[in-house]
Amino acid sequence: MGETPVLVVGAGPVGLATALALRARDVPVVVLEAESHDRIRPGSRALYVHRDSLKLLESMRGGVGKRLVARGILWNVRRTLFRGREVYARTYPPYQGKEDMPPFTSLRQTDTERILLDACAQSGVAVHWDSEVTSIAPDATGVTVTTASGASWRASHVVAADGARSTVRKKAGIGLHGSTADGFHVVVDISDEGPRLERVFHYRHPAMNGRHVLTVPYTGGFQVDLQCAADDKPDEIASPEAVRAWLPGVIGAVQEDRITWISVYRFRQLIADSFVDATGRVLLVGEAAHLFPPFGARGMNSGFADADAAATAVASANRDRAIAEFATRRRAAALSNSAAAGAALKHMRPSGGVARARQLTAARLAPLVPRFGAWLERAPYGQVSTMVNGYQRASSESRSPCGCRH
Ligand SMILES: Cc1cc2nc3c(=O)[nH]c(=O)nc-3n(C[C@H](O)[C@H](O)[C@H](O)COP(=O)(O)OP(=O)(O)OC[C@H]3O[C@@H](n4cnc5c(N)ncnc54)[C@H](O)[C@@H]3O)c2cc1C
(Lines give C-alpha, C1' and ligand atoms only; values in the text may rest on other atoms or scores of the structure.)
Protein backbone atom coordinates (compact mmCIF):
# COMPACT_ATOMS: atom_id res chain seq x y z
CA MET A 1 0.00 0.00 0.00
CA GLY A 2 1.44 3.39 -0.99
CA GLU A 3 1.23 6.43 1.28
CA THR A 4 0.49 9.83 -0.16
CA PRO A 5 -1.08 12.98 1.26
CA VAL A 6 -3.48 13.83 -1.61
CA LEU A 7 -4.82 11.72 -4.49
CA VAL A 8 -6.34 13.29 -7.58
CA VAL A 9 -8.56 10.91 -9.54
CA GLY A 10 -8.58 11.68 -13.29
CA ALA A 11 -5.94 13.17 -15.60
CA GLY A 12 -8.29 15.33 -17.64
CA PRO A 13 -7.60 19.06 -17.77
CA VAL A 14 -9.15 19.68 -14.35
CA GLY A 15 -7.34 16.84 -12.58
CA LEU A 16 -4.00 17.92 -14.04
CA ALA A 17 -4.65 21.54 -13.01
CA THR A 18 -5.56 20.38 -9.50
CA ALA A 19 -2.29 18.46 -9.24
CA LEU A 20 -0.34 21.53 -10.39
CA ALA A 21 -2.17 23.76 -7.93
CA LEU A 22 -1.37 21.36 -5.08
CA ARG A 23 2.31 21.22 -6.05
CA ALA A 24 2.37 25.04 -6.17
CA ARG A 25 1.46 24.83 -2.47
CA ASP A 26 4.10 22.16 -1.80
CA VAL A 27 1.51 19.45 -1.24
CA PRO A 28 2.68 16.02 -2.48
CA VAL A 29 0.18 14.59 -4.95
CA VAL A 30 -0.41 11.48 -7.02
CA VAL A 31 -2.83 11.34 -9.97
CA LEU A 32 -4.67 8.07 -10.72
CA GLU A 33 -5.93 7.84 -14.31
CA ALA A 34 -8.05 4.98 -15.70
CA GLU A 35 -6.76 5.22 -19.26
CA SER A 36 -3.32 4.44 -20.67
CA HIS A 37 -0.52 6.90 -21.19
CA ASP A 38 -0.73 6.48 -24.97
CA ARG A 39 -4.47 7.14 -25.15
CA ILE A 40 -5.80 9.29 -27.98
CA ARG A 41 -8.44 11.71 -26.74
CA PRO A 42 -10.81 12.46 -29.61
CA GLY A 43 -11.92 15.83 -30.91
CA SER A 44 -11.18 19.47 -30.21
CA ARG A 45 -13.78 19.88 -27.41
CA ALA A 46 -13.01 22.75 -25.01
CA LEU A 47 -11.29 25.38 -27.14
CA TYR A 48 -11.65 28.62 -25.33
CA VAL A 49 -9.31 29.29 -22.42
CA HIS A 50 -10.32 32.47 -20.66
CA ARG A 51 -7.82 35.14 -19.51
CA ASP A 52 -8.74 34.37 -15.89
CA SER A 53 -7.87 30.72 -16.51
CA LEU A 54 -4.59 31.61 -18.24
CA LYS A 55 -3.56 33.72 -15.26
CA LEU A 56 -4.61 31.03 -12.83
CA LEU A 57 -2.67 28.31 -14.66
CA GLU A 58 0.36 30.61 -14.91
CA SER A 59 0.20 31.06 -11.13
CA MET A 60 0.16 27.28 -10.65
CA ARG A 61 3.38 26.89 -12.59
CA GLY A 62 5.21 29.72 -14.35
CA GLY A 63 5.11 29.34 -18.13
CA VAL A 64 1.93 27.22 -18.43
CA GLY A 65 -0.39 30.11 -19.32
CA LYS A 66 2.22 31.50 -21.72
CA ARG A 67 2.64 28.12 -23.44
CA LEU A 68 -1.12 27.89 -23.96
CA VAL A 69 -1.12 31.38 -25.47
CA ALA A 70 1.82 30.49 -27.73
CA ARG A 71 0.03 27.35 -28.94
CA GLY A 72 -3.45 28.89 -29.28
CA ILE A 73 -4.89 31.53 -31.57
CA LEU A 74 -6.72 34.75 -30.75
CA TRP A 75 -9.50 35.24 -33.25
CA ASN A 76 -10.39 38.91 -33.37
CA VAL A 77 -13.61 39.03 -35.41
CA ARG A 78 -17.05 38.03 -34.25
CA ARG A 79 -19.97 38.06 -36.61
CA THR A 80 -23.63 37.19 -36.30
CA LEU A 81 -25.93 36.43 -39.22
CA PHE A 82 -29.65 35.90 -39.35
CA ARG A 83 -31.06 33.92 -42.27
CA GLY A 84 -28.03 34.74 -44.43
CA ARG A 85 -27.84 38.45 -43.54
CA GLU A 86 -25.20 39.95 -41.26
CA VAL A 87 -26.71 41.61 -38.17
CA TYR A 88 -23.56 42.16 -36.15
CA ALA A 89 -19.82 42.32 -36.85
CA ARG A 90 -17.00 43.52 -34.71
CA THR A 91 -13.27 43.43 -35.33
CA TYR A 92 -10.97 43.86 -32.37
CA PRO A 93 -7.52 45.38 -32.75
CA PRO A 94 -4.70 42.82 -32.54
CA TYR A 95 -3.63 42.04 -28.98
CA GLN A 96 -0.77 44.38 -28.09
CA GLY A 97 0.37 42.54 -25.00
CA LYS A 98 -0.63 45.42 -22.71
CA GLU A 99 -2.16 43.05 -20.17
CA ASP A 100 -0.09 40.16 -18.89
CA MET A 101 -2.36 37.71 -20.77
CA PRO A 102 -4.59 38.10 -23.84
CA PRO A 103 -8.37 37.99 -23.33
CA PHE A 104 -8.40 34.32 -24.31
CA THR A 105 -6.71 31.73 -26.44
CA SER A 106 -8.29 29.06 -28.64
CA LEU A 107 -6.74 25.61 -28.95
CA ARG A 108 -7.80 21.97 -28.85
CA GLN A 109 -8.40 20.50 -25.42
CA THR A 110 -5.81 17.82 -26.20
CA ASP A 111 -3.19 20.55 -26.70
CA THR A 112 -4.14 22.07 -23.35
CA GLU A 113 -3.91 18.66 -21.69
CA ARG A 114 -0.47 18.00 -23.22
CA ILE A 115 0.87 21.30 -21.89
CA LEU A 116 -0.61 20.62 -18.44
CA LEU A 117 0.85 17.11 -18.42
CA ASP A 118 4.33 18.46 -19.26
CA ALA A 119 3.99 20.99 -16.45
CA CYS A 120 2.93 18.24 -14.05
CA ALA A 121 6.08 16.27 -14.92
CA GLN A 122 8.21 19.37 -14.26
CA SER A 123 6.43 19.94 -10.94
CA GLY A 124 7.07 16.41 -9.72
CA VAL A 125 3.52 15.07 -10.04
CA ALA A 126 3.39 11.29 -10.42
CA VAL A 127 0.64 10.20 -12.83
CA HIS A 128 -0.32 6.52 -12.56
CA TRP A 129 -1.97 5.45 -15.81
CA ASP A 130 -4.14 2.30 -16.16
CA SER A 131 -5.35 2.95 -12.62
CA GLU A 132 -9.13 3.01 -12.66
CA VAL A 133 -10.47 3.85 -9.23
CA THR A 134 -13.22 1.43 -8.30
CA SER A 135 -13.85 2.21 -4.64
CA ILE A 136 -13.15 4.74 -1.93
CA ALA A 137 -13.47 4.37 1.83
CA PRO A 138 -13.18 7.65 3.73
CA ASP A 139 -12.77 7.57 7.51
CA ALA A 140 -11.80 9.93 10.30
CA THR A 141 -8.11 10.10 9.36
CA GLY A 142 -8.07 9.77 5.57
CA VAL A 143 -9.31 7.87 2.54
CA THR A 144 -8.45 4.40 1.25
CA VAL A 145 -8.72 4.17 -2.51
CA THR A 146 -8.75 0.93 -4.51
CA THR A 147 -8.14 0.55 -8.23
CA ALA A 148 -9.36 -2.09 -10.70
CA SER A 149 -6.03 -3.92 -10.49
CA GLY A 150 -6.52 -4.33 -6.73
CA ALA A 151 -3.88 -1.74 -5.77
CA SER A 152 -4.71 0.22 -2.65
CA TRP A 153 -3.75 3.79 -1.79
CA ARG A 154 -4.10 5.81 1.37
CA ALA A 155 -4.49 9.59 1.22
CA SER A 156 -5.38 12.41 3.56
CA HIS A 157 -7.82 13.71 0.92
CA VAL A 158 -9.12 12.71 -2.50
CA VAL A 159 -9.96 15.21 -5.21
CA ALA A 160 -12.37 13.67 -7.70
CA ALA A 161 -11.69 14.98 -11.22
CA ASP A 162 -12.98 11.84 -12.92
CA GLY A 163 -15.45 13.56 -15.21
CA ALA A 164 -19.16 13.41 -15.88
CA ARG A 165 -19.64 9.76 -14.93
CA SER A 166 -17.52 10.15 -11.78
CA THR A 167 -17.15 6.86 -9.94
CA VAL A 168 -15.78 8.72 -6.92
CA ARG A 169 -18.85 10.95 -6.70
CA LYS A 170 -21.15 7.91 -6.85
CA LYS A 171 -19.11 5.95 -4.29
CA ALA A 172 -19.16 9.00 -2.01
CA GLY A 173 -22.96 8.87 -2.19
CA ILE A 174 -23.31 12.34 -3.70
CA GLY A 175 -26.19 12.84 -6.14
CA LEU A 176 -26.15 14.89 -9.35
CA HIS A 177 -29.28 16.84 -10.21
CA GLY A 178 -30.55 19.21 -12.87
CA SER A 179 -31.89 18.92 -16.35
CA THR A 180 -31.10 17.75 -19.85
CA ALA A 181 -32.67 19.81 -22.59
CA ASP A 182 -34.61 18.26 -25.42
CA GLY A 183 -32.69 18.14 -28.67
CA PHE A 184 -29.02 17.83 -29.46
CA HIS A 185 -26.12 19.47 -31.29
CA VAL A 186 -23.73 18.00 -33.84
CA VAL A 187 -20.14 19.17 -33.54
CA VAL A 188 -17.65 18.66 -36.37
CA ASP A 189 -13.91 19.40 -36.47
CA ILE A 190 -12.43 20.57 -39.76
CA SER A 191 -8.68 20.66 -40.08
CA ASP A 192 -7.48 23.75 -41.85
CA GLU A 193 -4.23 24.94 -43.38
CA GLY A 194 -4.54 28.49 -42.12
CA PRO A 195 -6.72 29.69 -39.24
CA ARG A 196 -9.90 31.63 -39.93
CA LEU A 197 -9.71 34.33 -37.31
CA GLU A 198 -13.45 34.87 -36.93
CA ARG A 199 -16.16 33.31 -34.84
CA VAL A 200 -19.54 33.26 -36.61
CA PHE A 201 -22.98 32.49 -35.20
CA HIS A 202 -25.63 32.05 -37.87
CA TYR A 203 -29.27 32.08 -36.73
CA ARG A 204 -31.65 30.06 -38.90
CA HIS A 205 -29.08 29.22 -41.53
CA PRO A 206 -30.81 29.13 -44.96
CA ALA A 207 -28.77 26.11 -46.10
CA MET A 208 -29.75 24.17 -42.97
CA ASN A 209 -33.53 24.61 -43.03
CA GLY A 210 -33.34 27.30 -40.37
CA ARG A 211 -31.13 25.49 -37.87
CA HIS A 212 -28.54 27.60 -36.01
CA VAL A 213 -24.86 27.09 -36.90
CA LEU A 214 -21.74 28.26 -35.08
CA THR A 215 -18.16 28.14 -36.37
CA VAL A 216 -15.21 28.67 -34.05
CA PRO A 217 -11.52 28.61 -35.07
CA TYR A 218 -8.68 27.04 -33.15
CA THR A 219 -5.04 26.28 -33.91
CA GLY A 220 -5.09 23.84 -36.79
CA GLY A 221 -8.75 24.00 -37.70
CA PHE A 222 -12.23 25.03 -36.71
CA GLN A 223 -15.34 23.59 -35.08
CA VAL A 224 -18.77 23.63 -36.68
CA ASP A 225 -21.66 23.31 -34.25
CA LEU A 226 -25.12 22.59 -35.63
CA GLN A 227 -28.14 22.98 -33.39
CA CYS A 228 -30.52 20.29 -34.55
CA ALA A 229 -34.27 20.54 -35.00
CA ALA A 230 -36.75 18.82 -32.67
CA ASP A 231 -37.46 15.99 -35.11
CA ASP A 232 -33.82 15.37 -36.17
CA LYS A 233 -32.31 11.98 -35.41
CA PRO A 234 -28.62 11.74 -34.41
CA ASP A 235 -27.92 8.66 -36.51
CA GLU A 236 -29.26 10.46 -39.57
CA ILE A 237 -27.93 14.02 -39.33
CA ALA A 238 -24.66 13.14 -37.56
CA SER A 239 -23.62 10.15 -39.66
CA PRO A 240 -20.40 10.73 -41.69
CA GLU A 241 -22.43 10.55 -44.94
CA ALA A 242 -24.98 13.08 -43.67
CA VAL A 243 -22.29 15.47 -42.43
CA ARG A 244 -20.48 15.26 -45.77
CA ALA A 245 -23.76 16.12 -47.46
CA TRP A 246 -24.77 19.18 -45.38
CA LEU A 247 -21.36 20.64 -44.52
CA PRO A 248 -20.63 22.31 -47.91
CA GLY A 249 -23.85 24.35 -47.55
CA VAL A 250 -22.40 25.82 -44.38
CA ILE A 251 -18.67 26.21 -45.04
CA GLY A 252 -18.26 25.56 -48.76
CA ALA A 253 -16.56 22.61 -50.42
CA VAL A 254 -14.46 20.57 -48.06
CA GLN A 255 -12.24 17.55 -48.70
CA GLU A 256 -13.41 14.48 -46.79
CA ASP A 257 -10.11 13.94 -45.04
CA ARG A 258 -10.35 17.37 -43.45
CA ILE A 259 -13.34 16.21 -41.38
CA THR A 260 -11.50 14.86 -38.36
CA TRP A 261 -14.21 14.45 -35.70
CA ILE A 262 -18.00 14.23 -35.56
CA SER A 263 -19.81 14.11 -32.26
CA VAL A 264 -23.22 14.71 -30.74
CA TYR A 265 -23.90 16.40 -27.44
CA ARG A 266 -26.91 17.53 -25.43
CA PHE A 267 -27.38 20.62 -23.30
CA ARG A 268 -27.02 19.30 -19.76
CA GLN A 269 -27.20 21.42 -16.63
CA LEU A 270 -26.36 19.09 -13.77
CA ILE A 271 -24.80 19.96 -10.41
CA ALA A 272 -23.66 17.69 -7.57
CA ASP A 273 -25.71 17.98 -4.40
CA SER A 274 -22.51 18.76 -2.52
CA PHE A 275 -18.92 19.38 -3.65
CA VAL A 276 -17.56 17.55 -0.61
CA ASP A 277 -18.57 14.26 1.03
CA ALA A 278 -19.88 13.92 4.59
CA THR A 279 -16.39 13.29 6.03
CA GLY A 280 -14.90 16.41 4.39
CA ARG A 281 -12.15 14.31 2.80
CA VAL A 282 -13.47 13.80 -0.74
CA LEU A 283 -13.75 16.96 -2.86
CA LEU A 284 -15.38 17.17 -6.30
CA VAL A 285 -14.05 19.36 -9.13
CA GLY A 286 -14.73 19.86 -12.85
CA GLU A 287 -17.30 17.66 -14.55
CA ALA A 288 -17.35 15.31 -11.56
CA ALA A 289 -19.11 18.23 -9.84
CA HIS A 290 -21.03 19.98 -12.60
CA LEU A 291 -22.03 19.73 -16.25
CA PHE A 292 -22.75 22.79 -18.34
CA PRO A 293 -23.51 23.12 -22.04
CA PRO A 294 -20.43 24.06 -24.11
CA PHE A 295 -21.97 27.42 -25.11
CA GLY A 296 -20.34 30.01 -22.85
CA ALA A 297 -17.11 28.02 -22.32
CA ARG A 298 -17.96 27.33 -18.71
CA GLY A 299 -17.01 23.65 -18.40
CA MET A 300 -13.23 23.52 -18.43
CA ASN A 301 -12.74 27.15 -17.39
CA SER A 302 -14.83 26.80 -14.25
CA GLY A 303 -13.09 23.46 -13.61
CA PHE A 304 -9.76 25.29 -13.43
CA ALA A 305 -11.25 27.61 -10.82
CA ASP A 306 -12.51 24.57 -8.88
CA ALA A 307 -9.02 23.06 -9.07
CA ASP A 308 -7.39 26.14 -7.61
CA ALA A 309 -10.01 26.49 -4.87
CA ALA A 310 -9.74 22.81 -3.91
CA ALA A 311 -5.94 22.98 -3.68
CA THR A 312 -6.11 26.16 -1.60
CA ALA A 313 -8.55 24.50 0.80
CA VAL A 314 -6.58 21.26 1.16
CA ALA A 315 -3.34 23.20 1.77
CA SER A 316 -4.98 25.55 4.29
CA ALA A 317 -3.89 25.61 7.93
CA ASN A 318 -7.56 25.58 8.92
CA ARG A 319 -8.35 22.74 6.54
CA ASP A 320 -11.80 21.57 7.62
CA ARG A 321 -13.24 25.03 7.53
CA ALA A 322 -11.51 25.88 4.25
CA ILE A 323 -12.87 22.72 2.60
CA ALA A 324 -16.41 23.53 3.72
CA GLU A 325 -15.97 27.03 2.27
CA PHE A 326 -14.59 25.58 -0.97
CA ALA A 327 -17.70 23.42 -1.33
CA THR A 328 -20.09 26.31 -0.66
CA ARG A 329 -18.32 28.81 -2.86
CA ARG A 330 -17.72 26.56 -5.87
CA ARG A 331 -21.24 25.17 -5.76
CA ALA A 332 -22.58 28.74 -5.77
CA ALA A 333 -20.38 29.45 -8.80
CA ALA A 334 -21.74 26.34 -10.51
CA LEU A 335 -25.33 27.42 -9.82
CA SER A 336 -24.60 30.82 -11.29
CA ASN A 337 -22.92 29.30 -14.36
CA SER A 338 -25.84 26.94 -14.79
CA ALA A 339 -28.36 29.80 -14.61
CA ALA A 340 -26.41 31.71 -17.27
CA ALA A 341 -26.36 28.60 -19.47
CA GLY A 342 -30.12 28.18 -18.94
CA ALA A 343 -30.80 31.74 -20.12
CA ALA A 344 -28.70 31.09 -23.22
CA LEU A 345 -30.56 27.88 -23.91
CA LYS A 346 -33.95 29.62 -23.71
CA HIS A 347 -32.70 32.10 -26.26
CA MET A 348 -31.43 29.42 -28.63
CA ARG A 349 -34.54 27.27 -28.31
CA PRO A 350 -37.32 29.81 -27.83
CA SER A 351 -40.40 27.97 -26.65
CA GLY A 352 -43.05 30.40 -27.82
CA GLY A 353 -43.92 32.55 -30.79
CA VAL A 354 -43.27 35.77 -28.86
CA ALA A 355 -39.61 34.93 -28.21
CA ARG A 356 -39.16 33.94 -31.84
CA ALA A 357 -40.82 37.13 -33.03
CA ARG A 358 -38.54 39.17 -30.74
CA GLN A 359 -35.46 37.66 -32.40
CA LEU A 360 -36.86 38.26 -35.86
CA THR A 361 -37.68 41.88 -35.00
CA ALA A 362 -34.21 42.40 -33.55
CA ALA A 363 -32.67 41.00 -36.74
CA ARG A 364 -34.79 43.34 -38.89
CA LEU A 365 -33.95 46.39 -36.79
CA ALA A 366 -30.26 45.57 -36.27
CA PRO A 367 -29.02 47.59 -39.30
CA LEU A 368 -30.76 50.67 -37.88
CA VAL A 369 -30.35 50.07 -34.14
CA PRO A 370 -26.98 48.40 -33.46
CA ARG A 371 -27.89 47.33 -29.93
CA PHE A 372 -30.37 44.81 -31.38
CA GLY A 373 -27.51 43.22 -33.32
CA ALA A 374 -25.36 43.27 -30.18
CA TRP A 375 -28.15 41.50 -28.27
CA LEU A 376 -28.42 38.80 -30.95
CA GLU A 377 -24.64 38.42 -30.81
CA ARG A 378 -24.42 38.01 -27.04
CA ALA A 379 -27.53 36.09 -26.08
CA PRO A 380 -26.56 32.57 -27.26
CA TYR A 381 -23.79 32.40 -24.69
CA GLY A 382 -25.50 33.76 -21.58
CA GLN A 383 -24.00 36.25 -19.22
CA VAL A 384 -20.23 36.05 -18.88
CA SER A 385 -19.28 35.20 -15.33
CA THR A 386 -15.96 35.32 -13.59
CA MET A 387 -14.94 31.71 -13.44
CA VAL A 388 -12.27 32.23 -10.83
CA ASN A 389 -14.24 33.61 -7.93
CA GLY A 390 -17.76 32.75 -8.97
CA TYR A 391 -19.02 36.32 -8.93
CA GLN A 392 -21.08 37.43 -11.87
CA ARG A 393 -20.06 40.36 -13.97
CA ALA A 394 -22.07 41.66 -16.84
CA SER A 395 -20.66 40.98 -20.27
CA SER A 396 -19.19 44.11 -21.73
CA GLU A 397 -19.00 44.93 -25.39
CA SER A 398 -15.76 46.78 -25.02
CA ARG A 399 -13.90 44.29 -22.90
CA SER A 400 -12.82 41.55 -25.27
CA PRO A 401 -14.05 39.34 -28.07
CA CYS A 402 -15.25 36.75 -25.60
CA GLY A 403 -18.67 35.78 -24.35
CA CYS A 404 -19.13 32.98 -26.79
CA ARG A 405 -19.13 29.29 -27.33
CA HIS A 406 -15.52 29.90 -28.28
C1 LIG B 1 -18.10 19.90 -28.04
C2 LIG B 1 -17.60 20.40 -26.72
C3 LIG B 1 -17.07 21.68 -26.63
C4 LIG B 1 -16.65 22.17 -25.40
N5 LIG B 1 -16.15 23.46 -25.37
C6 LIG B 1 -15.73 23.97 -24.18
C7 LIG B 1 -15.09 25.26 -24.13
O8 LIG B 1 -14.93 25.94 -25.15
N9 LIG B 1 -14.66 25.73 -22.93
C10 LIG B 1 -14.83 24.98 -21.78
O11 LIG B 1 -14.46 25.47 -20.69
N12 LIG B 1 -15.38 23.72 -21.80
C13 LIG B 1 -15.83 23.20 -22.98
N14 LIG B 1 -16.31 21.93 -23.03
C15 LIG B 1 -16.37 21.11 -21.81
C16 LIG B 1 -15.02 20.44 -21.50
O17 LIG B 1 -14.65 19.58 -22.56
C18 LIG B 1 -15.15 19.67 -20.18
O19 LIG B 1 -15.63 20.59 -19.23
C20 LIG B 1 -13.82 19.12 -19.70
O21 LIG B 1 -13.34 18.05 -20.47
C22 LIG B 1 -14.00 18.58 -18.27
O23 LIG B 1 -12.73 18.24 -17.78
P24 LIG B 1 -12.59 17.26 -16.54
O25 LIG B 1 -11.11 17.17 -16.30
O26 LIG B 1 -13.48 17.69 -15.44
O27 LIG B 1 -13.17 15.86 -17.03
P28 LIG B 1 -12.66 14.92 -18.22
O29 LIG B 1 -12.02 15.70 -19.30
O30 LIG B 1 -13.82 14.06 -18.56
O31 LIG B 1 -11.53 14.04 -17.53
C32 LIG B 1 -11.85 13.02 -16.60
C33 LIG B 1 -10.66 12.06 -16.53
O34 LIG B 1 -10.91 11.10 -15.51
C35 LIG B 1 -10.61 9.80 -16.01
N36 LIG B 1 -11.42 8.84 -15.25
C37 LIG B 1 -12.75 8.62 -15.36
N38 LIG B 1 -13.14 7.70 -14.44
C39 LIG B 1 -12.03 7.34 -13.75
C40 LIG B 1 -11.79 6.44 -12.68
N41 LIG B 1 -12.78 5.71 -12.13
N42 LIG B 1 -10.54 6.31 -12.20
C43 LIG B 1 -9.51 7.05 -12.72
N44 LIG B 1 -9.69 7.92 -13.74
C45 LIG B 1 -10.94 8.08 -14.25
C46 LIG B 1 -10.95 9.88 -17.49
O47 LIG B 1 -10.30 8.86 -18.24
C48 LIG B 1 -10.45 11.27 -17.83
O49 LIG B 1 -9.08 11.27 -18.16
C50 LIG B 1 -16.73 21.38 -24.24
C51 LIG B 1 -17.23 20.07 -24.33
C52 LIG B 1 -17.65 19.59 -25.55
C53 LIG B 1 -18.20 18.16 -25.64
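Listed residues Ala309, Ala253, Ala242; which is within 30 Å of Ala140 (Cβ to Cβ) and over 12 Å from the mean Cα position of the chain (by Cα)?
On the way: Ala253 fails: within 30 Å of Ala140 (Cβ to Cβ); Ala242 fails: within 30 Å of Ala140 (Cβ to Cβ).
One residue alone meets the criteria, Ala309.
Which residues, taken from region 99-131, are of a type in the set (Val, Ile, Thr) and part of a strand (DSSP E or B)?
So in region 99-131, the residues of a type in the set (Val, Ile, Thr) come out as 105, 110, 112, 115, 125, 127.
Once the filter is applied, which keeps residues that are of a type in the set (Val, Ile, Thr) and part of a strand (DSSP E or B), region 99-131 yields Thr105, Val127.
So, in region 42-85, how many residues would count as being β-branched (Val, Ile, Thr), over 18 Å from Pro13 (Cβ atoms) and either touching a helix residue (DSSP H, G or I) at 6+ places or on another chain (Cβ under 7 Å) or at pLDDT 95 or above (or both)?
Adding up the residues that qualify gives 1.
Please find, among Ala343, Ala366, the residue that is in contact with a Gly (Cβ under 6 Å, 6 or more places away or on another chain), buried (at least 20 other Cβ atoms within 10 Å of the Cβ) and hydrophobic (A, V, I, L, M, F, W, C). Please lay out each step first, then the result.
Values: Ala343 fails: buried (at least 20 other Cβ atoms within 10 Å of the Cβ).
Of the residues listed, the single one that is in contact with a Gly (Cβ under 6 Å, 6 or more places away or on another chain), buried (at least 20 other Cβ atoms within 10 Å of the Cβ) and hydrophobic (A, V, I, L, M, F, W, C) is Ala366.
Go through region 147-190 residue by residue and tally those that are of a type in the set (Lys, Arg), more than 21 Å from Arg45 (Cβ to Cβ) and without any contact (Cβ under 8 Å) to a residue 40 or more places away in the chain.
Our first condition is that a residue be of a type in the set (Lys, Arg); within region 147-190, this holds for 154, 165, 169-171.
Going one step further and asking which of them are more than 21 Å from Arg45 (Cβ to Cβ), we end up with 154, 170-171.
Subset that is without any contact (Cβ under 8 Å) to a residue 40 or more places away in the chain: 170-171.
Residues flagged as of a type in the set (Lys, Arg), more than 21 Å from Arg45 (Cβ to Cβ) and without any contact (Cβ under 8 Å) to a residue 40 or more places away in the chain within region 147-190 amount to 2.
Out of the residues in region 133-165 meeting the condition of being part of a loop (DSSP other than H, G, I, E, B), of a type in the set (Gly, Ala, Ser) and more than 7 Å from the ligand (Cβ to nearest atom), tell me which one is surrounded by the most Cβ atoms within 10 Å (Cβ to Cβ). Let's see the steps before the verdict.
The initial filter retains those residues of region 133-165 that are part of a loop (DSSP other than H, G, I, E, B), namely 139-142, 148-151, 156, 161-165.
Cutting the leftovers down to of a type in the set (Gly, Ala, Ser) gives us 140, 142, 148-151, 156, 161, 163-164.
Restricting the remaining residues to those that are more than 7 Å from the ligand (Cβ to nearest atom) gives 140, 142, 148-151, 156.
Numbers: Ala140: 6, Gly142: 21, Ala148: 12, Ser149: 10, Gly150: 7, Ala151: 14, Ser156: 17.
If we take residues in region 133-165 being part of a loop (DSSP other than H, G, I, E, B), of a type in the set (Gly, Ala, Ser) and more than 7 Å from the ligand (Cβ to nearest atom), then Gly142 is surrounded by the most Cβ atoms within 10 Å (Cβ to Cβ).
Being part of a strand (DSSP E or B) and aromatic (Phe, Trp, Tyr) is the filter; apply it to region 184-214 and report the residue that is farthest from the ligand (Cβ to nearest atom). Talk me through it step by step, then tell me what you get.
Keep residues of region 184-214 that are part of a strand (DSSP E or B), which gives 185-191, 198-203, 213-214.
Next cut, aromatic (Phe, Trp, Tyr) only: 201, 203.
On the way: Phe201: 14, Tyr203: 20 Å.
Selected residue: Tyr203.
When only residues in region 242-274 that are in contact with a helix residue (DSSP H, G or I) (Cβ under 9 Å, 6 or more places away or on another chain) and polar (S, T, N, Q) count, which is nearest to Pro294 (Cα to Cα)?
Checking each candidate, the answer is Gln269.
Considering region 288-314 alone, what residues qualify as being more than 16 Å from the ligand (Cβ to nearest atom) and closer than 22 Å to Val133 by Cβ?
Residues of region 288-314 more than 16 Å from the ligand (Cβ to nearest atom): 312-314.
Listed by number, the residues that qualify are Ala313, Val314.
Could you grab the pairs with beta carbons closer than 7 Å, sequence gap of 6+ or different chains, first residue in region 307-336 and more than 13 Å from Phe275 (Cβ to Cβ), second one in a helix (DSSP H, G or I) and charged (D, E, K, R)?
Nothing qualifies.
The values are calculated or read from the model by the stated rules, or taken from the named source; none is laboratory data. This is a predicted model, so every value here is computed, not measured. Cβ: placed from backbone, ideal geometry, glycine included. Neighbour counts: every protein chain shown.
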